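One structure is given here, and the rest of the page talks about it.
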Amino acid sequence: MEDVKHRKWRSEVKLRKSAESLLVDQFGIMEERRRELECYAAGKNCFRGRLAGKPLAFDVAQSLQCSIEYRCQATVQIFSGESGWTELLEKSSAYYYWSQLVEYRSIVETAPLSFSNAVRALAECVFWGWLDEARVLANEILLLYRRRRFSDVRLTYSQPLNHWFLRVCFEFFDLSFDGWGQGFHGDDVEHVGREASDVALNLDLLLAHWRDADVSSLTDGVEWLCEYYVSRTYLVEGREFANDLIAVRLPILILAFFRLRQLCGVPIPQPNHSLFAPNYVFLPKSKPMYSDGVLFSTVSRLRAQEIPDLGEVRSNEKSGENRVQAGLWWRIFPFY
């Protein structure tokens, strides 16, 4: 029975049908991207319509977006009650991780990047237990945020949940940052000094106690987090999970937060919320990062010919100075 409390929370049936439609609509594009990637992995170049001045790695990053197909297939299976969705989602996450890293290294500094996509890739790495890859991606996000490369970090697109999760990750990986809300399109200076909203205060409390050994100190906060997460899946502009079909009912970001607690050796909360009622909402066992022949050959060729340090932690002169300035980050969330 569907949860009637949240009228705007899309049902599993609607999400499955949306994924099925997307698979049909995008079939030709995904098939072409997959063929191009297989061609590149085999040592050839068969990219069509290359943009002038773009490095070959940019085309590879676009072809790695065939991960959308695997994600849609996983969405159909999970909301049809079928098995096998974890393998498809794991494959999608791996392809998506590499697509993001390659994109960061192949797009010019004058072009904006998606903060939402970056945090999604990071959360999925943590969710699967790919800690080395998560560390690399967290460092990349830090470097890009410092350079104001993200276009969706302020005002309507301030993404409170994604920012909160990134702050938790930065603390876990001992990374320091104080430039919240400073993005590609400028600063959120017109809202500096406003009183913190209830959402920001709740997220601050969760941040302050995120690795407490006493899980009871998080009970109320996690219940609120689940409720707020559901509201961020609604089809409203700027909501973190509005356009991510599988994440509407599978709270990967919250489960990734639980993974970080697990890695700290503290108990994982057991939410009493409808978001966690389905049997597909669970934290999988940690495993090495997914790879296959095409992905392995693609990454190997990129390292050999274009990006030698792809997948490695790049130097970060300010890492190691743990703790972001408290009380400043909430200023980028004026509307929540």
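Structure values in brief
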{"read-out": "Kyte-Doolittle mean at least -0.5 and Cα axial length at least 30 Å: DSSP H helices in the chain", "value": "none"}
{"read-out": "Carbon + sulfur, % of accessible area of the chain - ligands and nucleic acids excluded, 1.4 Å", "value": "50"}
{"read-out": "Unit charges at the beta carbon, dipole of the chain: most positive-side option, LEU37, GLY84, ALA256", "value": "LEU37"}
{"read-out": "Selected from SER197, TRP210, TYR228, residue furthest toward positive end of dipole (the stretch 196-287; charges at beta carbon)", "value": "TRP210"}
{"read-out": "Residue-count net charge about LEU283 - beta-carbon cut-off 14 Å; Lys, Arg +1, Asp, Glu -1", "value": "+2"}
{"read-out": "Correct option for volume of the Cα convex hull per residue in Å³ [calculated from the coordinates] among (i) 139; (ii) 121; (iii) 196", "value": "(i)"}
{"read-out": "Given the chain, longest segment not containing exposed loop GluC sites (Glu not before Pro) (DSSP; at most 14 other Cβ within 10 Å)", "value": "110-194"}
{"read-out": "Debye, to nearest 20: dipole size of the chain, +1 on Lys, Arg Cβ, -1 on Asp, Glu Cβ", "value": "540"}
{"read-out": "Dipole in debye (nearest 20) - the stretch 1-116, about Cα centre, beta carbon charges: Lys, Arg +1; Asp, Glu -1", "value": "280"}
{"read-out": "Semi-axis lengths, Å, the stretch 248-307, gyration tensor of Cα atoms, sqrt of 5 times eigenvalues", "value": "34, 15, 10"}
{"read-out": "Highest-MSF residue in the chain out of THR233, THR86, THR75 [GNM, Cα springs under 10 Å]", "value": "THR86"}
{"read-out": "Counted charge near LEU113, where neighbours are those whose Cβ lies closer than 11 Å (Asp, Glu -1; Lys, Arg +1)", "value": "-1"}
{"read-out": "Cross-link pairs beyond the 32 Å C-alpha cut-off, checked among LYS44/LYS285; LYS44/LYS91; LYS14/LYS44", "value": "LYS44/LYS285; LYS14/LYS44"}
{"read-out": "Cα gyration tensor shape for the stretch 75-207, rounded if a/c is under 1.5, else prolate or oblate", "value": "prolate"}
{"read-out": "Rounded, prolate or oblate (a/c below 1.5 giving rounded, otherwise prolate when a/b exceeds b/c) for the stretch 24-152 by Cα gyration tensor", "value": "oblate"}
{"read-out": "Environment charge of PHE79, counting only residues whose C-beta is closer than 11 Å and scoring Lys/Arg +1, Asp/Glu -1", "value": "+2"}
{"read-out": "Farthest positive-ward along the chain dipole, Cα basis, beta-carbon charges - from LEU23, PRO112, VAL266", "value": "LEU23"}
{"read-out": "Placed amide H near LEU113: partners under 5 Å, 5+ positions off or other chain", "value": "PHE150, SER151"}
{"read-out": "Mean accessible surface per residue for the chain, computed with a 1.4 Å probe while every protein chain stays in place, in Å²", "value": "44"}
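The values are calculated or read from the model by the stated rules, or taken from the named source; none is laboratory data. Everything quoted here is computed from the prediction, not taken from an experiment. Note: ideal-geometry Cβ built from the backbone for every residue, glycine included; neighbour counts use all protein chains shown. Each accessible area value is taken on the protein alone, full model and side chains, heavy atoms only, with ligands, DNA and RNA left out. Shrake-Rupley method; radii C 1.70, N 1.55, O 1.52, S 1.80 Å.
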